[in-house]
Structures are given as C-alpha cells and as structure tokens.
Amino acid sequence: MIVDYHIHLRNERGEIAHETRSVDPFVEAARAAGVDEIGFTEHVYYFRQTRSLWTVPYHSERCVYDLEAYVQAIVEARERGLPVKLGLEVDYVPGREEETRRLLEPYPWDYLLGSIHYIDGLGVDAEPRMIDQVGVEEAWRRYFHTLADAAGSGLFDSLSHPDLVKIFSVRAEAFDYGPVVNAIARSGIAVEVSTAGLHKPVGELYPNPDFLGACREQGVPVSLGSDAHLPDVVGRDFSLARELLRSSGYETITVFEQRRASQEPIG
Ligand SMILES: [Zn+2]
Ligand SMILES: [Zn+2]
C-alpha cells in the first residue's frame, strides 16, 4: 500500500477550486504514479469559518473560502467511489487549542495534519523569517518546542513536514531531537515523511534521517505526503521516501479513516 496524504485541492491551473470535479485529475495522477489512495489537506487558513484564529496577515488575508464546500467536494468524490480521504492541514496556534477543536469538530475528517508555519508572527518558511530575527539556534529551539506542544495538543493525527525549520538549509549545531521525539511518542500520533523538501532550498526529504530514526526507535508511526498543489506532483519522489523509510527501519505506513489510524505494509 502506498498513499499520498498531503494534497491541496486545485484546478489544473493551480488555482483554488473546491469542487468535486477538481478531485478527478488528482486521482488519475495517483493511478499513473502507482499511489493507491490520496488524501486532501487544504490549508485551514483559507476558510472563513476559521477567521477568528488568525493574527498573521498572511493567514487573515486568505480566509475567504467556504469550508462546507471543500468538505462536500471530497465527500462527493468518496461517494463516487474514488479512493480519497478527507483531511486538512491545520496550523497549530498555541493557546487556541480549544477554539481550533471547536471550529473543526463539525466535519467528518479522516485525519488532520498539524503544521507550524509561523511562531509568534515570525515565519518558519516565509517572511519575516524567524531564523533572521532570532538566529538559527533559537529558531530551531522554538520550532521544535512548538512542535512538541502541537503533538501534545491532541488536535492532530500526524505532523506535516516535521522539520520544516531546516527549509533554508541552515541548521542548529548538534541538535538533540530527543525531547520532541519523546513528546511525539507519548502523543501516539504520526510524523509525515514529505518529499516536498527535495524541491526547497534544503533539497532534502522531511524529516532528517536522525529524527526519523529516533521516531522509529520510539514506535512513532509515519504518514506519507508530497504536498502537491498540482496533480502532476502526486507521488513525486516516493521512491526516495521509500528508501528513507526502509533505511530507518519502517515497514508500514499509516492509513487513516474517520480519525482512526491503522498500519499497512509499504507497497
Ligand atoms: Zn505546510
Ligand atoms: Zn501543505
């Protein structure tokens, strides 16, 4: 079994188009790429229902779409018999856990990805860049501290691009992943192996082999995703993801259904 559980629903021009017909090109691309099942994970901040959560302009300027329409597009595709799951990529906002939970509670999610793109108004992968404002060592410390809190929040089923802070290819010296991996292991949730980093300045998979190896040792399950914003990207570089998973000792990946996780042998 192979799945791509990190996909943003777009039309063929890459524009947001939360309609069930937008799903079909992604399913066709998945078939061509040998991917058995795909999951859509639109950014939570695109939806007006989540407006009250946002303080960063990047987020508050974008929440204009209807969450009902997005959910309906995927549910209809599922009812048409397509191998698709309903997810969402949810920015973790420390201190707003209950509000996040309440806003997302009405919808029939298969899984929720937890992401950290901003911390206290500073961008992990965007301007104003946290690494420029606070330095690399402090940026890494804050990022992984927040990731540990995201794991412990109980809001998420997997953590997307879990070492995103390395995106610009600057790294803290001899970083100790122990505390964050312990927190993830205690939470029982998965970490995502993402091929998106291969196409960013860092030019690597997320996460680092050291991080993933520590996750394996502690029994943390993995999900898998390309972070596709276009059908062509579904399943991209999954042979490299398989290699990383195997070399880290993983033999199964996580399949989600209605927020229940099960393990399937990696195909
Ligand atoms: Zn993301
Ligand atoms: Zn994404």
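With every protein chain left in place and a probe of 1.4 Å, what is the accessible surface of Ser52, to the nearest 10 Å²?
Roughly 70 Å² of Ser52 is accessible to a 1.4 Å probe.
Give the percent of DSSP beta bridges with both residues in segment 84-237 that are antiparallel, rounded to the nearest 5.
Values: 3 of 17 bridges.
Approximately 20 percent, going by the DSSP bridge assignments.
Would you work out what percent of the accessible area of the chain, with all protein chains in place, is carbon or sulfur (probe 1.4 Å)?
Values: 5140 of 11190 Å².
Heavy-atom surface of the chain belonging to carbon and sulfur, 1.4 Å probe: 46 percent.
Just Glu76, Glu105, Glu19 to compare: in a GNM of the chain, with alpha carbon springs under 10 Å, which one fluctuates most?
Between Glu76, Glu105, Glu19, it is Glu105 that shows the largest mean-square fluctuation.
With the Cα gyration tensor of segment 167-219 giving a ≥ b ≥ c as the square roots of its eigenvalues, does the rule (a/c under 1.5 for rounded; else a/b larger than b/c for prolate; else oblate) give rounded, prolate or oblate? The partial results should precede the final answer.
Numbers: a/c = 2.61, a/b = 1.56, b/c = 1.68.
Oblate.
Residue separation times 0.36 nm, minus the C-alpha to C-alpha distance between His199 and Ser239: what's the value? If you can, show how the numbers build up before the last one.
Numbers: separation 40, 0.36 × 40 = 14.40 nm, distance 1.50 nm.
Gain on stretching His199 to Ser239: 12.9 nm.
From the Cα gyration tensor of segment 36-98, with a ≥ b ≥ c the square roots of its eigenvalues, which class applies: rounded if a/c is under 1.5, or else prolate if a/b is larger than b/c, or else oblate? If you can, show how the numbers build up before the last one.
Details: a/c = 2.86, a/b = 2.06, b/c = 1.39.
Verdict is prolate for segment 36-98.
For a test of the definition: using alpha carbon positions, the gyration tensor, and the 1.5 limit on a/c, classify segment 124-174 as rounded, prolate or oblate. Let's see the in-between values first.
Details: a/c = 2.03, a/b = 1.84, b/c = 1.10.
Prolate shape, in that a/c is at least 1.5 and a/b is the bigger ratio.
Percent of Cα-Cα pairs more than 26 Å apart in segment 150-264, please.
Numbers: 920 of 6555 pairs.
Distances greater than 26 Å cover 14 percent of the Cα pairs.
Where does each of Phe211, Phe175 land when they are ordered by accessible area, with a 1.4 Å probe and the largest first?
Details: Phe211 0, Phe175 60 Å².
Solvent-accessible surface, decreasing: Phe175, Phe211.
Please compute, over every Cα-Cα pair in the chain, the percentage with a separation greater than 34 angstrom.
Details: 3983 of 35511 pairs.
Result for the distance tail: 11 percent.
Out of all DSSP beta bridges in segment 7-139, what portion is antiparallel? Express it as a percent rounded to 5. Walk me through the numbers on the way to the answer.
Numbers: 3 of 17 bridges.
Of all bridge pairs located within segment 7-139, approximately 20 percent are antiparallel.
Roughly what % antiparallel, to the nearest 5, for the DSSP beta bridges in the chain? Intermediate values should be presented prior to the final figure.
Numbers: 10 of 35 bridges.
In the chain, DSSP labels about 30 percent of beta bridges as antiparallel.
How far is it, in nm, from the label point at Asp36 to the one at Ser169 when both lie 7 Å from their Cα along the line to the Cβ?
In this crude spin-label approximation the distance works out to 3.6 nm.
Compare the peptides 218-225, 256-263 by average per-residue count of other Cβ atoms within 10 angstrom and give them in order, highest first.
For the peptides 218-225, 256-263, the packing ranking is 218-225, 256-263.
Which value, in Å², gives the accessible area per residue of the chain when a 1.4 Å probe is used on the protein heavy atoms?
Working: 11190 Å² over 267 residues.
Per-residue value: 42 Å².
The values are calculated or read from the model by the stated rules, or taken from the named source; none is laboratory data. This structure is a prediction, so every number in the text was calculated from the model and none was measured. Cβ sites come from the backbone with ideal geometry, for glycine too, and all protein chains shown count toward neighbours. Just so you know, the surface numbers come from the protein's heavy atoms only, side chains and all, with ligands and any DNA or RNA stripped out. Shrake-Rupley method; radii C 1.70, N 1.55, O 1.52, S 1.80 Å.
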